[in-house]
1. How big is the stretch 64-128 by the Kirkwood estimate over distinct Cα pairs, in Å?
2. Taking the Cβ of each residue in Val69, Val91 as the centre, tally the other Cβ atoms inside 10 Å and list the residues starting with the fewest.
3. Order these by the 10 Å Cβ neighbour count, fewest first: Lys78, Lys126.
4. Can you sort His86, His104 by how many other beta carbons sit within 10 Å, fewest first?
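Every number in this text was worked out from the coordinates using simple rules, so none of it is lab data. Predicted, not measured: the structure shown is a model, and the values here were computed from it. We place every Cβ from the backbone using ideal geometry, glycine too, and count neighbours over all the protein chains shown.
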Amino acid sequence: MSLSRRAALGSMAAAGTLALGACSSARESTPITSSEPAASGEILLGLTSEVPVGGGTKFAVDKTLTVLVTQTKAGNFKAFSATCTHAGCIVNGVENNEIACGCHGARFDPESGMAIAGPAKSALGKISLEIRDEEIWITI
Ligand code: FES
C-alpha cells in the first residue's frame, strides 16, 4: 500500500471516528434495527494508537455497522459489533473494564464479548481482526 493511500484510508477512518463521536449520544439512546452492513471484505478501521490499553474505541464502518475495538492488555485487540444484543443500541464503550450499554445497563466482557450483566443474554458479535504494523483491519 502506498503511503498516500494509507494516509487517505487513515483519514477516512479517523473521520468516521470523529463523526461517530459527534453524534454518539443520539445513536446511543436510539435503538436501531440490525441489517447486513453495506461494506464487506477487508476494511481498515484505524490505528492501534487510537485504542487505549484497558479501553475501547468505536469505529463507524457504515450506516449499519459500528465496530468496537478493545485492548484489554497491551497488544491484545478484539473487535465486536457495537450493536447491543438486547435491543440494538450502540454500546457506549469500555467503562470499568466492561463494555457498557447506556440504554438499559447491559454489560459485556471486553475480551470475549459475552454478556455479563443487565438485560442482554447474548454476546456481542465477534468480528475478525488483524493488526498489520500499526493498522487495525477487520474482515466482514
Ligand atoms: S439495548 Fe443495550 S441494554 Fe438494552
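1. It is 11.3 Å.
2. Working: Val69 25, Val91 29.
In increasing order of surrounding Cβ atoms, one gets Val69, Val91.
3. Lys126, Lys78
4. On the way: His86 19, His104 13.
In order of increasing Cβ crowding within 10 Å: His104, His86.
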